[in-house]
Amino acid sequence: ELPGFYYDSEKNRYFRLLPGHNNYNPLTKESIQYKAMECERLRLLEEEEKQKKKTTRAGLNSSILLQKRQLGLLSSTSYCRLVHELKVNCMQRRKVEIHSPDSSVAGTNNFKIIVADAACERIFTVNDVEHGGCKYGIINLSGLGKESLTVEMYDNLYFTNRKVNSVCWASLTHPDSHLCLMGIAETPGCASLLPASLFSSTNPGDRPGMLCSFTISTAWSCAWCLNPQADNCFSTGLTRRVLVTNVVTGHRQTFGTSSDVLAQQFATQTPMLYNGCRSGEIFSIDVRQRNRKGQSWKAIRLFHDSAVTSIRLLEAEHYLMAADMAGKIKLWDLRTAKCVKQYKGHHNEYAILPLHVNEEEGLLTAVGQDCYTRIWSLQDAHLLRTIPSPYPSSKDAIPSVVFSSRLGGSRGVPGLLMAVKQDLYHFSYN
């Protein structure tokens, strides 16, 4: 890079950056970089449409895999993992039609967050509303198994004034029966626990009311506890503290922290709550103990160089995946408190972006701030595929994704769901 000059790759020469009239210069490094990124995105989209997708591993195709399996050169687990990799590289994008009982509602607001329940039968959606705040809804995925690719969306028009930072499914009366919402009402934040049955086409008079709602400082994250030792509890990551609330008894525990808590997840085998902070620290709390001042209650402590935006425990709960605002994704061994793998290629500078771990398929999925969706192999951190967004990259067009081998329930279709702007896309396995 030469100060005051920019390089034009098409003309293969340098040009001077001239000062603009009235301090306006349309030619800046940012605009040149954006133009180059947009050209690359359009090129990748064109390749996808022509189906010129190549596998990122040499010699990976279905016939060779089957031959190696029959010769006993591949174990069943390795064979299944490589088949999933092959399927990921063959995924093709198709647009999903969203139907709604209220025809004026469907497709009018930009998707901000989509979160699937445990069975991947429904996804909870948070949509930005033009006049401020957010609108919530639930999309039923049962129609994804059909050729038409249509889904039903049910809205709840009663809770539209809060801007949502974080959301998670909660299992109170039955699996995934409620939703935890963390939002900003105005200056104070608000934590709400809503029954999922609020979002249905039944008579509004039959709908139950909000189970729990209280005002807090700005909320960044939330998590529901499935461990029986801390039953009916959910946590809230706030500015410099963690709040654990029992929704049945109303009892609350507060743990003071030195930084904002941006990411949380409960363990299921032990009553531990893992927290990722703006300072880059990751620590765990045993929720059975009473409140204590200081940091003596922190059981495990790990450190990133930048703010931690997402954490995911792997099933055996010996490993934890964490992503930060420097674009680094690390796999930590909790027994030795050491980083054992890094997943390269993720892009982030300041956004709170989630990680999606699918251990059964051996895949890790994350959307970067550059609006590319990347999929890695969990086992060896190999980048398998980079999916460009259908829209030009911008702050309000970062896709939100859900990946599962059974979208729509146990007999559902495998693939990736991508919500971007007002559209929903399905990337189906071949």
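Computed from the coordinates by the stated procedures, all read-outs in this text should not be read as laboratory data. What you see is a predicted model, and the numbers here were worked out from it, not measured in a lab. Positions of Cβ are generated from backbone atoms using ideal geometry, with glycine treated the same way; all protein chains shown enter the neighbour counts.
Side notes on the structure shown:
- The chain - share of DSSP beta bridges that are antiparallel (%, nearest 5): 95
- Two-decimal Rg to Rh for region 227-311 - Kirkwood Rh, Cα set: 0.94
- Whole-number percent relative contact order across the chain, with pairs defined as alpha carbons under 8 Å at least 6 apart: 13
- Here's the picture: charge each Lys and Arg Cβ at +1 and each Asp and Glu Cβ at -1 in the chain, and of Trp224, Gly280, His174 the one pushed furthest to the positive end of that dipole is Gly280.
- Gain on full extension, evaluated as 0.36 nm per residue between Cys39 and Cys80 minus their Cα-Cα distance, stands at 11.2 nm.
- Unit charges at the beta carbon, dipole of the chain: most positive-side option, Gly72, Val308, Gln253: Gly72
- Flagged links, alpha-carbon separation over 29 Å, of Lys135/Lys395; Lys163/Lys341; Lys35/Lys421; Lys11/Lys112; Lys50/Lys344; Lys87/Lys330: Lys163/Lys341; Lys11/Lys112
- Long-range amide H partners of Ala263 with built H, under 5 Å: Gly276
- Selected from Leu364, His131, Asn110, residue furthest toward positive end of dipole (region 94-428; charges at beta carbon): Leu364
- Ratio of the Cα radius of gyration of the chain to 2.2 N^0.38 Å, where N counts its residues: 1.04
- Placed amide H near Ser217: partners under 5 Å, 5+ positions off or other chain: Gly189
- The HN-Hα couplings worked out from phi for region 323-339 by the Karplus form 6.51 cos²θ - 1.76 cosθ + 1.60 (θ = phi - 60°) are 10, 10, 7, 9, x, 8, 10, 10, 9, 9, 8, 6, 6, 10, 6, 10, 7 Hz, whole numbers, x standing for Gly and Pro.
- When the chain is treated as a GNM with alpha-carbon contacts under 10 Å, the residue of Ile375, Ile329, Ile64 showing the greatest mean-square fluctuation is Ile64.
- Long-range amide H partners of Gly409 with built H, under 5 Å: Glu121
- Size of electric dipole in the chain: Cβ of Lys, Arg +1 and of Asp, Glu -1, about Cα centre, debye, nearest 20: 1020
- The chain: most fluctuating residue of Thr373, Thr309, Thr249 per GNM, C-alpha cutoff 10 Å: Thr249
- Using θ = phi - 60° and Karplus 6.51 cos²θ - 1.76 cosθ + 1.60, couplings along region 264-269 (whole Hz; Gly, Pro as x): 8, 7, 7, 7, 9, 8
- Using θ = phi - 60° and Karplus 6.51 cos²θ - 1.76 cosθ + 1.60, couplings along region 308-322 (whole Hz; Gly, Pro as x): 7, 9, 7, 10, 9, 7, 7, 4, 6, 6, 9, 10, 9, 9, 9
- For the chain, modelled as a GNM whose springs connect Cα atoms under 10 angstrom apart, the maximal fluctuation among Lys344, Lys50, Lys298 occurs at Lys50.
- Relative contact order (%) - region 363-430, alpha-carbon pairs under 8 angstrom, separation at least six: 22
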